[in-house]
Amino acid sequence: MATTQLEPAVAESKSRRHRIAMVCDFFYPRLGGVEMHIWSLAYHLMRLGHKVVVITHAYKCPATSSIDHKFKRAGTRYLPGGLKVYYCPFLQMVDEDCLPTFTISFPLLRWIFIREGIEIVHAHQATSTLANEAVVYAAELGLASVYTDHSLFGFDDIASIILNRVMKVTMSTVSAAICVSHTCRDNFILRTKIMPSIVHVIPNAVDPSKFTPDPSKRDKERITVVVVSRLVYRKGVDLLVGIIPPICKAFPEIDFLIGGDGNKKLSLEEMVERERLQERVTFLGSVPHGSVRDVLVRGQVFLNCSLTESFCIAILEASCAGLFVVSTNVGGVPEVLPPDMIHLSEPNVASLVEGLSHAISKKISCVDPFSYHNRVKEIYSWERVALETISVYDTVLHKPRLTFLQRLARYKSVGRIAGHIAQLLAVTLHFVVILVEWLQPRDVIDVVPDVCFTFKQEENLQPPLLQ
């Protein structure tokens, strides 16, 4: 794991500094788009002098080659770069998501908010129970709240209907919301019925220094198509199963390099065995984010088969590494790259086979990897994302906080029946807050000093790789 030279310093400046708590069920050691977004945003906010802590649940890490037993990542930890993380002992359900308890998590979150002097609660991801609860707690404690939506959801399946109803309740008191694409914003407004004026679009970004091209790593006699994603249904693995055989048959010089793991990996392995493509399809298994660039530079084309994406940071990383991208035309994907750097196909096998064939035969010979890298570097920057997020923070801090009666009125607007249920839960939480305030007064909670990290100006520091 890379290290960063830092100098601790008290946060003293004439500029307004914020104290922010990033709250989400999904964070390191789990690695994904949401997790890396939180990490990168928090790191660059700290570089700008703001105080940031992350609140998530405890993780039970799998055994590795160097550790032959399981252990828990719990308590308070500091990640490289000085980021403080609270791994809270909350019970988990499916996919590393906390069990919804509504009030049980409140005493600990309140203790952290008071101890760290938090002013802004920044929640991430709709499917995070902890994030939804944190937004409600923030309103009850009189704190500003910001929510970032990272994914698209439907309106016709039972899971999406329930989630949308929950989001409509929790977002009724949020101070502001951020979406990673305009498509994501439209979807979020339709699902939550939130006021469009408080929903901002701030795209994801990439760290160009960690995705530099290296054409020397490519096979000079073969063409490699790279796939790096979670091997699950939502990522279009069933489409990938149908794409590989016809492409290998039409182009004898093509190989596939697949990184990632998931419950659909078996389908790919069965297809490779059935079609006898063991020599042309390589499985790398789970790839740490610090090693993704080393995988990408081995190929000329990056293939994304996702069935739904609000932004898709993977294609941004691939393009930054100098690869031409072939992707499904879904969600916010068309907003990510200029048209000459990506070929968009419909989410079906025939269209993807045609698009990939076009890229192999006509596009990759014209690609300049370093030109791609420089163009992405000019368009996307985590520092810009951090500065735009700070402007949202400034806005919400100047907004008046909702009173208890105002919150009840907003909860009632959720629906004829659901509104009354939400009101009843809000009244219950209000009494729980009073009880907790009596059992654990604010003046008995130790408040930590506001210490930030000052980065040496002469060094071009970047977020350390999370291995």
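A few comments on the model shown:
- Extreme residue, least open to solvent (accessible area, probe 1.4 Å), among residues of region 285-300 that are out of contact with any helix residue (DSSP H, G or I) (no Cβ under 9 Å at 6 or more places or on another chain) and part of a loop (DSSP other than H, G, I, E, B): Pro288
- Whenever a residue of region 200-214 is touching a residue at least 40 places away in the same chain (Cβ under 8 Å), its partners that are open to solvent by 20 Å² or more (accessible area, probe 1.4 Å) and in a loop (DSSP other than H, G, I, E, B), lying with C-beta atoms within less than 6 angstrom and at least six residues away or across chains, give the pairs Ala205/Ser381; Asp207/Gln462; Ser209/Gln462.
- Cβ-Cβ under 9 Å pairs, at least 6 apart or on other chains, region 106-132 side at positive phi, far side small (Gly, Ala, Ser) and crowded, with 23+ Cβ neighbours inside 10 Å: Gln125/Ala131
- Filter result for Leu303 (open to solvent by less than 10 Å² (accessible area, probe 1.4 Å), in contact with a strand residue (DSSP E or B) (Cβ under 7 Å, 6 or more places away or on another chain) and touching a residue at least 24 places away in the same chain (Cβ under 8 Å)): yes
- Single residue of region 246-267 satisfying the filter (assigned to a helix (DSSP H, G or I) and open to solvent by less than 30 Å² (accessible area, probe 1.4 Å)) that is farthest from Ser345 (Cα to Cα): Cys248
- Residue list for region 365-418, restricted to those being basic (Lys, Arg), assigned to a loop (DSSP other than H, G, I, E, B) and free of Cβ contacts under 8 Å to residues at least 12 places away in the same chain: Arg416
- Exactly one residue out of Ile162, Ile194 is under 23 Å from Val136 (Cβ atoms) and open to solvent by 40 Å² or more (accessible area, probe 1.4 Å), and it is Ile162.
- Scanning region 229-245 for residues that are open to solvent by 20 Å² or more (accessible area, probe 1.4 Å) and over 19 Å from Glu309 (Cα atoms) returns Val241, Gly242, Pro245.
- Residues (open to solvent by 10 Å² or more (accessible area, probe 1.4 Å) and over 16 Å from His57 (Cα atoms)) located in region 122-140: Val136, Ala139, Glu140
The values are calculated or read from the model by the stated rules, or taken from the named source; none is laboratory data. As the structure is a prediction and not an experimental result, all values here were calculated from the model. Note that we place each Cβ from the backbone using ideal geometry, even for glycine, and neighbour counts take in every protein chain shown. Surface accessibility is based on the protein's heavy atoms, side chains included, excluding ligands, DNA and RNA. Shrake-Rupley method; radii C 1.70, N 1.55, O 1.52, S 1.80 Å.
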